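Asker: Got a structure for you, written out below as structure tokens; questions coming shortly.
The values are calculated or read from the model by the stated rules, or taken from the named source; none is laboratory data. Nothing here was measured: the structure is a model prediction, and the numbers come from that model. Ideal geometry is used to build each Cβ from the backbone, glycine not excepted, and the neighbour counts take in all protein chains shown.
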Amino acid sequence: MKKITRRDLIKLGIASGVVLATSGIFKGNALAGAIKLAAGNMDFSPKTGAERKMIPSACWACNTRDAMVGYMENGRLVKLEGQLDSIRGLGKLCSKGGAGINQLYDPGRILYPMKRAGKRGEGKWKRVSWEEALTELAGRLKKLRDDGHPEKFMFHYGRMEASTRKMVKDIFLKTYGTGTIGNDTSLCESAKWTGQELTWGKHYDNWDFDNTKFVLNFGASPLEAHSNAIPLLQRLVDAMVERKVKCVTFDVRLSNTAARSTEWVPIKPGTDGAVALAMCKEIMDAGLYDKEFFKFIKATPNPAASTDEKAAALKKHLASYTPEWAEKISNVPAAKIKSLALEFAKTKPACVINYRGTAAHYNGTENERAIQMLAAITGNIDNPGGRCRAVTPEWQYPEGPKDKPEAKKLDILDGFPDTVVYPTHHVSHQVLDMIKAGKWGRPDIYMWYCYNPVYSNGNCKTNTDIMKDESLIPYSVCVNAYYDESAALADLILPNPSYLEWWDWEDGPSATQVPEYYIRQPFVKPLGESRDFKDVVCDLAEKMGFPLGFKSAEEFVKLSCDQTPGVKEAGGFEHMKKQGVWHDPKAKPDYYMYKIEVKAEDLKKDGVVFDEVTGVYWDSKKSKNPDAGYTKAKNAYEGYVGQKIGDKVYKGFYPDRVNKSGYFELYSELLKIKGQQSLPTYTPIPEHEKMGAGDLILTTYKVPVQGASRTANCKWLTEMYHDNPAKINPKTAKELGIKSGNKIKITSTVGEITTTAQVTQGIVPGIVAVSHHLGHWEYGRYASGKKAPMATDNDPGLKEKWWKTYGVHPNWVISNSPAPVSGQNRFMDTVCKVTKA
Amino acid sequence: MSDKFSATRRQMLKGAGAAGLAAAASLVPSGHAAAKRRGRKKAKAPKWAMVFDLRRCVGCRACTVACKAEYDVPLGVWNTVVNEEMVGRYPDTRKPCLPIRCNHCAGNRTDGVPPCVKNCPEYPKQRQKYITPDGKKIRYRDGATYKRPDGLILLKNEYCTGCGKCITACPYGARAFNKHLKAGKDTSKNGIAKCSSCAHRIDKGVVPACVNICPGRARVFGDLNDKNSEVAKLVKEFKLKEKRDKTTLLPKKDTVPMNFYIDPDKVLKTKMAKKVYKEDSFKCKVN
């Protein structure tokens, strides 16, 4: 007999509950005792008792993009909760997700196209029709295109995922012909992704908490804020409580994850790599490395090196990285490093995790590589319970016009020349500075989407000055639902709806290595005249004479659902509208995918050659200069076929953005040829080496009830969190003569902020921590106390709002400073002085 | 209100619900047979309880927001919050979380009436009938604040004078004036906001909103009379009733809360757990 799981019971609860609720027969009190209460996915009005209509959709309050459901009452969306049928979210949602309602009904919403009426940034606006707005915009865009300069249209997005990215970036912008497309990953964790692309090929790591026996955490906070938060949070809690899995967290701050961990190990900022390397040394020296996995590791220049040779090379490289050495650098006791290293190596499987705490530093990519090494030498890669390459669904979608010109672009996306060696996710925080410099060209039209360049980049002062300057940026277009700091500096605002009013198919990473397909569908029609930007690009393309082949996001999502294998058979679009989610119930989790052997016939295909230097089989036709060899040929990775290991050819750790081999590369020829260290190395942060008396390191963090820069307009969140005093350890505070509640000034090379001190035992000495979320000077009354020029008063909360503080924003004192390997902005490196104000 | 309606268990089983119930009965070992067995005994209402598993609360405040949405709770008022407190000295620092809501107290051990109900001048009022799951009737008195036979402490705004005595009577600070609601008997004043345990959802067979959303599954809700419920199992496993003095808030107040805490780290010994009614105990503040 099939074993009944907790999940079956939950489902059954729903089934019976729904029948009861909708049959209209059951009108008494609850069915106690005999029937388990349903877990959710039905809701009733507390006033009338009437059932609220449920619509499945997907969240967008953070990058997790959890599958969810919403409830309607009198035509209004009243409540959001998790989607019980989702194998990722398991019916859960977080506070930001729940407060999505506030995004929809924000009284500060921009509901009509607005054209600047006064000077740029003056706050004077004129409402215009869509026809007027789009005719003007399409006219300008078409002229650039017709003149042969599509690259002078720069499109810069913050969050743009899944079908939105496909429609806007891969179809509309590509057909238009501009390659001047910026993103915001270098503000997030691009150092981590570059580190992964150099080691195991494709970015994004899933942590298999369901099967792990030990979690070692360097600077991640999945219990608080993470790009796959809800799927991971509950699984980590389950692992710790139900299976008594130990979790040890290195962090400069007692994050909610550190607080809930078995142990918090305080560490000096930017030194995680040193600890990870010392652990690797202990493990290698103790002979506790995984010989089986070593077969897939590259640790020397020789692709045919034996496991013994590789182990010897690593031991030699690690020789100086003793725990005692690491203690001096990180303040983590050597004995602790030793014991944790041995415990990590002996506990199988174990999962090492990390995030921005290691990434947003000068040495972010090196930290990533050291941590990847720790996972690799212990064989905790792509295995049940380990650190796995993430699995996402493979949607099929209409690809738009066949005729897509070769993109032209301005060289302003990847930082100033020779500053960054592998900007695989661009260097967006340098874009404004490069526009100012002018040497690499300037866009005639600068348009941004779900992005707040003034606020989200470092050095807000400079950003504001550049964005305001019409001689640097002649025409600026903002696509937004809210009047944020950057919208205030636009020439034209196209009113986007909130995510609760638009269509998408979605592709968030799975926590179980089984892909989940899900969609986002509107709960209500876009408010006012707001229009989903995906629909707008269909119109713009039509106006410019290159129709995309679909008229709207809804049609695009429909066509995608109806042609994606699996989703199609399940009922396609109609099924997805009704159910919201789909996964293949027979799918097995994707583990050990690197062990798949490449078919012999694939190696014999036309153009496929063997590269002696790396042992890679690749299609040399994909490169313009194949004679340079796989490693140095342009875009050779696009032709990767397989990796020869011994007498077999494996799919291996295939590349995604750089010409790495199919090995798990601890040794990186790519870094070597750029003058970087070939094996994972500890590189001290230059400014931290030169710190003088009274200097502190500024660190930043996120709280669980605000999402980055985009939720302060949510009244239910901001009433819980609207002030962010600077956290300082008592020892440091005493040295500075500062007490809790004192007004303090934080000064760096780029500026100063005034805030309040909060002396706390939950932070390491020598640093000051200021959260990222607050200190808005626009974004409406809940966020900043300032009413947007086009705002209405139709929200009862405006009269109930009781807070009068709005916090501070640390980016006024953080510079735009790219890390040398990835170009990630170094949000956690700022050296500052803290004085009484 | 839903408790005005009456429908017997038998009627229910006759209807469309039968399929669902039968299916449930095959998995959950009580169902129809248990209902029949109980039919011979005295009418018995469910005994709702909440277990907060403090090992699982990560302080995300999804519960707080879910409650805001469920009831359109005004700004400045919360029916459920999560308090947090920094304890210990660096580097041995911890930050426990303490989720709280109305304790739906059973009331002191002599008269079984919780302080809010006792202090309500508009209690008792009308006679009401509570229909148990097996179709029996239990009579009780309602009021502006009253205890239903299933243990929920509920409000009936039509009786409420907005006097606020229940607010001061509650040692936990779980009640506040509801700016979105005029008191039924005195519209110059506001009615009361507090956790109803989502009675309107429970009465339709679904868990409270905060329980539904809780990502850590730190909130477990169910019927203590049902031995197979998760809540009953946890109460048994962790001896939550026997150790009431260590598993409930302010035990000395003798309110006999129906919220229990699984608390291996002794969070209930922190200052935040011991503080008697203060204005800010139900003000959600994130540090």
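Asker: Can you tell which of A:R260, A:R243, A:R253, A:R235 is at the interface with chain B (Cβ under 8 Å from one of its Cβ atoms) and among the basic types (K, R)?
Answerer: Numbers: A:R243 fails: at the interface with chain B (Cβ under 8 Å from one of its Cβ atoms); A:R253 fails: at the interface with chain B (Cβ under 8 Å from one of its Cβ atoms); A:R235 fails: at the interface with chain B (Cβ under 8 Å from one of its Cβ atoms).
Checking each option against the conditions leaves just A:R260.
Every residue, every condition in (1) of a type outside the set (A, V, I, L, M, F, W, C); (2) touching a Gly at 6+ places or on another chain (Cβ under 7 Å); (3) closer than 18 Å to B:V286 by Cα, yes or no:
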{"site": "A:G737", "(1), (2), (3)": "yes, no, no"}
{"site": "A:I746", "(1), (2), (3)": "no, no, no"}
{"site": "A:Q761", "(1), (2), (3)": "yes, yes, yes"}
{"site": "A:P796", "(1), (2), (3)": "yes, no, no"}
{"site": "A:K799", "(1), (2), (3)": "yes, no, no"}
{"site": "A:W802", "(1), (2), (3)": "no, yes, yes"}
{"site": "A:V808", "(1), (2), (3)": "no, yes, yes"}
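Asker: Would you mind finding the one in B:Y140, B:Y146, B:Y172, B:Y159 that is more than 23 Å from B:A66 (Cα to Cα) and either polar (S, T, N, Q) or buried (at least 23 other Cβ atoms within 10 Å of the Cβ) (or both)?
Answerer: B:Y146
Asker: When you scan segment A:686-702, do you find a residue that is within 13 Å of chain B (Cβ to nearest Cβ) and buried (at least 18 other Cβ atoms within 10 Å of the Cβ), even just one? Let's see the steps before the verdict.
Answerer: Filtering segment A:686-702 for residues within 13 Å of chain B (Cβ to nearest Cβ) gives A:701-702.
After this cut, where a residue has to be buried (at least 18 other Cβ atoms within 10 Å of the Cβ) as well, the list is A:701-702.
There is at least one residue in segment A:686-702 that is within 13 Å of chain B (Cβ to nearest Cβ) and buried (at least 18 other Cβ atoms within 10 Å of the Cβ).
Asker: Of all residues in segment B:134-179 being of a type outside the set (V, I, T) and part of a helix (DSSP H, G or I), which is nearest to the other protein chains (Cβ to nearest Cβ)? Let's see the steps before the verdict.
Answerer: The initial filter retains those residues of segment B:134-179 that are of a type outside the set (V, I, T), namely B:134-137, B:139-144, B:146-152, B:154-160, B:162-166, B:169-179.
With the extra rule that they be part of a helix (DSSP H, G or I), the set shrinks to B:157-159, B:165-166, B:169.
Numbers: B:N157: 11, B:E158: 13, B:Y159: 17, B:K165: 24, B:C166: 19, B:A169: 23 Å.
Selected residue: B:N157.
Asker: Another question, then. Please go through (1) of a type in the set (A, V, I, L, M, F, W, C); (2) within 30 Å of A:M691 (Cα to Cα); (3) surrounded by 24 or more Cβ atoms within 10 Å (Cβ to Cβ) for A:A229 and return the number of the only condition it doesn't satisfy.
Answerer: (2)
Asker: To continue, here is another question. I'd like the full set of residues that are more than 17 Å from the chain's Cα centre (by Cα) and facing chain A (nearest Cβ under 10 Å), limited to segment B:208-237. Write out each step before concluding.
Answerer: Step one: of segment B:208-237, the residues more than 17 Å from the chain's Cα centre (by Cα) are B:215-216, B:227-228, B:233, B:236-237.
Of everything in segment B:208-237, those that are more than 17 Å from the chain's Cα centre (by Cα) and facing chain A (nearest Cβ under 10 Å) turn out to be B:P215, B:G216, B:K227, B:N228.
Here's the yes/no breakdown for (1) in a loop (DSSP other than H, G, I, E, B); (2) among the charged types (D, E, K, R); (3) touching a strand residue (DSSP E or B) at 6+ places or on another chain (Cβ under 7 Å):
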position: A:D795; (1), (2), (3): yes, yes, no
position: A:K799; (1), (2), (3): no, yes, no
position: A:G807; (1), (2), (3): yes, no, no
position: A:S815; (1), (2), (3): yes, no, no
position: A:G823; (1), (2), (3): yes, no, no
position: A:F827; (1), (2), (3): yes, no, yes
position: A:V834; (1), (2), (3): no, no, yes
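Asker: Given the structure, is B:R217 among the basic types (K, R) and within 15 Å of B:C102 (Cβ to Cβ)?
Answerer: Details: among the basic types (K, R): yes; within 15 Å of B:C102 (Cβ to Cβ): no.
Taking the combined requirement at face value, the residue does not satisfy it.
Asker: Here is a follow-up. Please find, among A:G775, A:G785, A:G807, the residue that is in contact with an Asp or Glu (Cβ under 7 Å, 6 or more places away or on another chain) and at pLDDT 95 or above.
Answerer: Working: A:G775 fails: in contact with an Asp or Glu (Cβ under 7 Å, 6 or more places away or on another chain); A:G785 fails: in contact with an Asp or Glu (Cβ under 7 Å, 6 or more places away or on another chain).
Just a single option satisfies the conditions, and that option is A:G807.
Asker: So, A:S771, is that one of a type outside the set (A, V, I, L, M, F, W, C) and within 30 Å of A:N480 (Cβ to Cβ) or not? Quick ask: steps written out before the conclusion?
Answerer: Details: of a type outside the set (A, V, I, L, M, F, W, C): yes; within 30 Å of A:N480 (Cβ to Cβ): yes.
Against the criterion (of a type outside the set (A, V, I, L, M, F, W, C) and within 30 Å of A:N480 (Cβ to Cβ)), A:S771 qualifies.
Asker: Output the helices (runs of 4 or more DSSP H) that fall wholly within segment B:211-287 and possess 2 or more residues being of a type outside the set (D, E, K, R), or say none. Reasoning before the result, please.
Answerer: Details: elements: B:230-237, B:244-247, B:271-274.
Those helices (runs of 4 or more DSSP H) span B:230-237, B:271-274.
Asker: Anything in segment A:666-725 that is within 29 Å of A:N480 (Cα to Cα) and of a type in the set (F, W, Y)? List them, or say none.
Answerer: A:Y701, A:W716, A:Y721
Asker: While we're here: Of all the residues that make up segment A:616-631, how many are under 33 Å from the mean Cα position of the chain (by Cα) and assigned to a loop (DSSP other than H, G, I, E, B)?
Answerer: 4
Asker: Whether any residue in segment A:184-192 is surrounded by fewer than 22 Cβ atoms within 10 Å (Cβ to Cβ), touching a residue at least 40 places away in the same chain (Cβ under 8 Å) and not in a helix (DSSP H, G or I) is what I want to check. If you could, list the steps in order and put the result at the bottom.
Answerer: Taking segment A:184-192 and keeping what is surrounded by fewer than 22 Cβ atoms within 10 Å (Cβ to Cβ), we get none.
No.
Asker: Still on this structure, I have one more. Restricting to segment A:291-345, count the residues that are farther than 24 Å from A:K672 by Cα, in contact with a helix residue (DSSP H, G or I) (Cβ under 6 Å, 6 or more places away or on another chain) and of a type in the set (A, V, I, L, M).
Answerer: Residues that pass the stated criteria total 7.
Asker: State which residue is nearest to the other protein chains (Cβ to nearest Cβ) when the search covers only segment B:196-207 and only residues that are in a helix (DSSP H, G or I) and hydrophobic (A, V, I, L, M, F, W, C).
Answerer: Applying the first criterion (in a helix (DSSP H, G or I)) to segment B:196-207 yields B:199-202.
So of that shortlist, the ones also hydrophobic (A, V, I, L, M, F, W, C) come out as B:199, B:202.
Values: B:A199: 8, B:I202: 5 Å.
Going through the qualifying residues, I end up with B:I202.
Asker: If you don't mind, there's one more thing I want to ask. Residues of segment B:37-96 being more than 7 Å from chain A (Cβ to nearest Cβ), in contact with a helix residue (DSSP H, G or I) (Cβ under 9 Å, 6 or more places away or on another chain) and free of Cβ contacts under 8 Å to residues at least 24 places away in the same chain, which ones?
Answerer: Hits for segment B:37-96: nothing passes.
Asker: If I ask for residues that are closer than 19 Å to A:A587 by Cα and assigned to a helix (DSSP H, G or I), which ones from segment A:544-573 would you list?
Answerer: A:C561, A:V567, A:K568, A:E569, A:A570, A:G572, listed by residue number.
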